[in-house]
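The values are calculated or read from the model by the stated rules, or taken from the named source; none is laboratory data. This one's a predicted model, so the numbers in the text were calculated from it and none came from an experiment. A quick note on method: Cβ atoms are made from the backbone with ideal geometry, for glycine too, and the neighbour counts reach across all protein chains shown.
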Amino acid sequence: MKNNKIEAFAALEQGVYAALETYSNVHRGSGHNSLVTTRLFEQARDIVLDYLGLDKKIFVLIFSSPAGAAALKSQLEDKNYQCLTGAEICLPLGICAMAIKKNALPKGAPSRTGGGTARLTAPGWIIWAGAPQRFEAGTPAIINIIAFARALQIIRQYGFNPFADADSEPCDAAGILYHDELEAYTGRQLLGELRKSHIGRNHPVPTREGSSPFINLDNAASTPTFTPIWNAVRRTWRQPRPCQRELIREVRSICAKALDASPDNYDVIFTSNTTEAINLAAESLGREPANGEERVVITTLLEHTSNDLPWRLLPGHEMIRLSIDGDGVIDLRQLEALLFAYNRDGRYGNKIIRLVAVSGASNVLGIYNDMAEISRIVHEYGARLLVDAAQWVAHRKVDMEKCGIDYLCFSAHKAYAPFGSGALVVRKGLLAFDKAEMEVISSSGEENAEGIAALGKALVLLQRVGMDVIMDEEQALTRRALIGIVQIPGIRIYGIKDPDSPRFSQKGGVIVFSMKGMMPDKLARELVQRGGIGVRYGCHCAHLLVKHLLGVGHGLERFQRILLTLLPWVNLPGVLRVSLGIENTEEDVDTLIRVLGEIAGNPADADDRSSSSKQVKRTPLIKKDLKNRMTSFVVAAAGKVFQ
């Protein structure tokens, strides 16, 4: 029996590690990794349905957190669904897999909104995605879902659950979170060692010129992970529940310290992702007594749908969007004028601005607005400040106390811990849930002990590197990329493009652009095929902003609505996005510039500074052969996971 358990965990680890080698987000990524992860994600649905003995022609499989599943169950009759959880197979994954009869799916807006729940939005309307995406708010816990499906395969293989009552040697939280093979390093030395431990580093993929190492330039969608973080996950799987609870308590302290959110003043509530955290904050705000007021929420044109739809659909609340300039900087004079008019001058009667909800950093323009000044203005007029920090936490220092942030929401999968956790960090006393409700909310997030451990480990490593070091490294790479890209004929960069601009210090490692005469999806495919470079194209769940950048008027917007209604499988063009992370190097940036130059038809103008070490094998391939090789690559990579 003991040997069976050892073998089962080894098989699970082997499968999940293989998934991590080619990990990416699943929504509209162009690279090999996105293709593999998407295939694995959809295979996981089939594996769960097969395990439950259900026909996928009748049932759709939806993955969610325990809290999300409870909200969905409340809209269904018991006879119309079946549910299987990670807890039932004794793995701390925080996963609920709900098989729901297709004809019983709830209509209209889902109970939780944001991310991929919407296909397209405009100020006055929303086109919802089909199932299952409409019910999977935000990025799902993709790696945990793959682990869940692989565990079901292993359970079926053994004929019993080898993960139940697993023998383990309890380890204190410090052993998992603070000690690792890199603990002798700090600062830039640690950053260099982390890059070496990047899971999937230099993983070869087929390109037109043969086999080349994959280059991930899609960190704004989701980040890869590193060996010390993966080891924290593996060890957490084997811990008894008391040790997992100790880990959760310690990670709560790590979050508070990393975000400068004193435990005396803030609560840390673990969620499945940023989207769930924002939805919780919105639900809480909606429960507060109105006291005769008509409540208003301010957001901005920059926002991801996860920080737009929950406020837009909040009953009893009006929403106002702040404008931005060409760089993506919020108009603070407009913000103050609105707050003065509503909250002090009484110009709008009993309408009061209760909350200002803004992104800490834009996932499209990469702009970091002045959060301290925004907070000063917001609080001067008696409102609260919520920050979507999904693109902030892994890249620059967050100081909640200094900035006076009331609510902060972020995801671990954008901070090098893609194991399905996130957090709502909120000033004490602001949540309008009773004790029993808070226990349900907390227990939902805390079921994912492995994801919380990964988040804690990632934050520890980032702090040991130093957020100032990370910011300097990413700004240097961004500067290099902008200097190179701006010289390529036919490319238009949106937002800050001049590294010598006084605002460049506000620019993160996210660059969006278009190329004259080439649609973004085609350009993304060319980057993949020529250089093995994974990027992302489309509207990036920021439909209003992208349409603003592209100058999409009301007439074209109405046409898009008709088009997507009649042809829901059509993808609208949008823009191409390159996003940098701590695993990226100058060589990655130089390869991007070289390949973009080649695509533009001006190879002589491209700065080919990439070293020969990045070219593993150079055998030219015709287009048909490359397509076959890419298909074979995806099938083989997925086969290493689900054996």
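Among the residues of the range 36-65, those that are surrounded by 23 or more Cβ atoms within 10 Å (Cβ to Cβ) and touching a Ser or Thr at 6+ places or on another chain (Cβ under 9 Å) comprise 36, 37, 40, 64, 65. Counting only residues that are surrounded by 19 or more Cβ atoms within 10 Å (Cβ to Cβ), closer than 17 Å to residue 205 by Cα and within 23 Å of the chain's Cα centre (by Cα), the range 513-539 holds 7 of them.
Once the range 88-120 is narrowed to residues that are out of contact with any helix residue (DSSP H, G or I) (no Cβ under 8 Å at 6 or more places or on another chain) and either of a type in the set (D, E, K, R) or buried (at least 16 other Cβ atoms within 10 Å of the Cβ) (or both), the residue that is nearest to residue 65 (Cα to Cα) is 88.
In this structure, is residue 421 at pLDDT 95 or above, polar (S, T, N, Q), under 24 Å from residue 183 (Cβ atoms) and buried (at least 24 other Cβ atoms within 10 Å of the Cβ)? Considered against the rule, which asks whether it is at pLDDT 95 or above, polar (S, T, N, Q), under 24 Å from residue 183 (Cβ atoms) and buried (at least 24 other Cβ atoms within 10 Å of the Cβ), residue 421 comes out as yes.
Listed by first and then second residue, the pairs with beta-carbon distance under 7 Å, at least 6 apart or on different chains, first residue in the range 3-24 and under 17 Å from residue 214 (Cα atoms), second charged (D, E, K, R) and buried (at least 18 other Cβ atoms within 10 Å of the Cβ), are 24/218. Does the range 233-242 contain at least one residue that is of a type in the set (A, V, I, L, M, F, W, C), closer than 30 Å to residue 386 by Cβ and crowded, with 23+ Cβ neighbours inside 10 Å? Among the residues of the range 233-242, at least one is of a type in the set (A, V, I, L, M, F, W, C), closer than 30 Å to residue 386 by Cβ and crowded, with 23+ Cβ neighbours inside 10 Å, which makes the answer yes. Can we say residue 217 is closer than 16 Å to residue 395 by Cβ and of a type outside the set (Phe, Trp, Tyr)? Yes: the conditions hold for residue 217. When residues in the range 242-281 are screened for being in contact with a Gly (Cβ under 7 Å, 6 or more places away or on another chain), within 13 Å of residue 408 (Cα to Cα) and not polar (S, T, N, Q), 5 of them pass. Pairing residues of the range 581-593 that are closer than 15 Å to residue 213 by Cα with residues that are β-branched (Val, Ile, Thr), at Cβ distances under 7 Å and at least 6 apart in sequence or on separate chains, gives 588/215; 591/215; 591/533; 592/533; 592/578. What pairs come out if I take residues in the range 452-466 that are closer than 10 Å to residue 233 by Cα and pair them with residues that are in a helix (DSSP H, G or I) and of a type in the set (Asp, Glu) whose C-beta lies under 8 Å away, six or more apart or interchain? These pairs meet every condition: 452/446.
Residues in the range 297-313: is at least one surrounded by 19 or more Cβ atoms within 10 Å (Cβ to Cβ), more than 24 Å from the chain's Cα centre (by Cα), among the basic types (Lys, Arg) and modelled with pLDDT of 95 or more? No - not one qualifying residue is present in the range 297-313. The listed residues are 546, 589, and the only one of them that is part of a helix (DSSP H, G or I) and in contact with a His (Cβ under 7 Å, 6 or more places away or on another chain) turns out to be 546.
Restricting attention to the range 370-413, the residues that are under 19 Å from residue 307 (Cα atoms), under 23 Å from the mean Cα position of the chain (by Cα) and crowded, with 20+ Cβ neighbours inside 10 Å add up to 22. Among the helices (runs of 4 or more DSSP H) confined to the range 272-385, the ones with at least 2 residues that are touching a Cys at 6+ places or on another chain (Cβ under 7 Å) are located at 274-287, 371-380. Does any residue of the range 146-161 turn out to be touching a helix residue (DSSP H, G or I) at 6+ places or on another chain (Cβ under 7 Å) and free of Cβ contacts under 8 Å to residues at least 60 places away in the same chain? Within the range 146-161 (the criterion being touching a helix residue (DSSP H, G or I) at 6+ places or on another chain (Cβ under 7 Å) and free of Cβ contacts under 8 Å to residues at least 60 places away in the same chain), the answer is no, since none of the residues qualifies.
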